[in-house]
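Single-structure report; data block below.
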Ligand code: SF4
Ligand code: SF4
């Protein structure tokens, strides 16, 4: 028997499609006016950044992954949690995530492609760079001399589409706001609570029956206890609202 589509998945797929249309229109205008976007097939230096998602998104991603991919996600989630538990600051957490935890297991590094492209989360959809990929690499800014950093900041300020602080394209990030809002609303309607956190942690938890039963019953404490039993609990990587 064919299972009816999950309403949360439908909400997100619709929101993603709307974002793609709007982002496409924005990009057309930007490039027509001479703006340059460096993202494209085979480019993946950003796939080692920490990613925040809603559980609704994580569940959609999980629903399309193979057993081997899910296994990779669980291993990555454990490494992410270990890093978060021992990091002394947010900066150290992000730096070690990129340098040591490493690339997302859904990345095929040989081909340079996302193996879950259709169900990648919002953050992977709305990150666009107005500078070449070498500026997105881990440590790129940290390794610059003072003069290089000053030149970088000048270039960022004079590049349309940036927020003046970094080389990522700000309006394309702002355009994804409705996706986050709709995910929040859909979770509240379905479960009576919202769950937010790390992409790999939530995707792993989304496949755990006991965790999802607690969430679907709107029970944050049992869900948190289950995550703790699985070694996937951390106050910043798993949040209930
Ligand atoms: S954000 Fe940077 S690394 Fe990521 S696809 Fe775009 S140019 Fe490449
Ligand atoms: S889900 Fe895909 S696009 Fe996002 S970090 Fe992983 S490999 Fe990269």
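Each reported figure results from applying straightforward, stated rules to the coordinates on display, with no laboratory input. Since the structure is predicted, the reported quantities are computational estimates derived from the model, not experimental observations. Reconstructed Cβ throughout: ideal geometry from the backbone, glycine too, with neighbour counts over all protein chains shown.
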Completion exercise
By the mean-Cβ-within-10 Å protection proxy, highest first, 50-56, 212-218 rank as 50-56, 212-218
Completion exercise
Residue-normalised 222 nm signal for the chain, counting each DSSP H run of n ≥ 4 as -39,500 (n - 2.57), nearest 500 deg cm²/dmol, is -15500 deg cm²/dmol
Exercise for the section: State the extension gain, in nm to one decimal, for the chain segment bounded by residue 75 and residue 181, taking 0.36 nm per residue of separation less the distance between their alpha-carbons. Expected result: 35.2 nm
Exercise for the section: Using a Gaussian network model of the chain whose springs link C-alpha atoms within less than 10 Å, name the residue from 161, 34, 197 with the highest mean-square fluctuation. Expected result: 34
Exercise for the section: Provide the FRET efficiency to the nearest 0.05 for the residue 68-residue 209 pair, computing r from the beta carbons and using R0 = 25 Å. Expected result: 0.80
Fill in the blank from the handout: In terms of the alpha carbon gyration tensor, root eigenvalues a ≥ b ≥ c, rounded if a/c is under 1.5 and otherwise prolate when a/b exceeds b/c or oblate, the stretch 35-240 is prolate
Problem - Distance in nm between pseudo-label sites at residue 221 and residue 108 (7 Å out along the Cβ direction from Cα) - result: 4.7 nm
Practice task
Please give the FRET efficiency for residue 37 paired with residue 91, using the beta carbon to beta carbon distance and R0 = 25 Å, rounded to the nearest 0.05.
Solution key: 0.35
Practice task
Can you tell me the FRET efficiency between residue 189 and residue 149 if r is taken as the Cβ-Cβ distance and R0 is 51 Å, rounded to the nearest 0.05?
Solution key: 0.65
